[in-house]
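Q: Sharing a structure here in structure tokens format.
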Amino acid sequence: MLTLKTKQHEVIEAVNDPRVSTIVLIGAVGTGKTDVAAHATISIAYGFPKTDWPVFRQNVSTAKRSVIPSSP
């Protein structure tokens, strides 16, 4: 399970705040931007049950290793 740091948690709270229209994530490699973006997307998705969300991968071999095995 992914545990968010304090600043990352603040971003997720901002995602769910209707007054916030834009969020920009900046930082060096390995600072958790991708983790926050994934968490944000999942957080938004929970608000739309029974909705299909596409998942993209760079190529088919990566998809076969990561996405396809977890598909329903």
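None of the figures in this text is laboratory data; all of them are computed from the coordinates on show. It should be emphasised that the depicted structure is a prediction, and the values quoted were computed from it without experimental measurement. Note that we place each Cβ from the backbone using ideal geometry, even for glycine, and neighbour counts take in every protein chain shown.
Q: Tell me, Asp52, Asp35, Asp17 in order of fewest to most beta-carbon neighbours within 10 Å?
A: Asp52, Asp17, Asp35
Q: Arranged from highest to lowest average of other beta-carbon atoms within 10 Å per residue, in what order do the peptides 41-50, 3-12 appear?
A: 3-12, 41-50
Q: Here is a follow-up. Excluding same-chain residues fewer than 8 positions from Lys33, which lysines have a Cα within less than 25 Å of its Cα?
A: Within the straight-line cut-off, Lys33 pairs with Lys5, Lys7, Lys64.
Q: May I pose another question? Using the Cα atoms as the points, what is the convex hull volume per residue of the chain in Å³?
A: Measuring per residue, one finds 133 Å³ for the Cα hull of the chain.
Q: Averaging sequence separations of C-alpha pairs under 8 Å and six or more residues apart, then dividing by the length of the chain, give the relative contact order as a whole percent.
A: 26 percent
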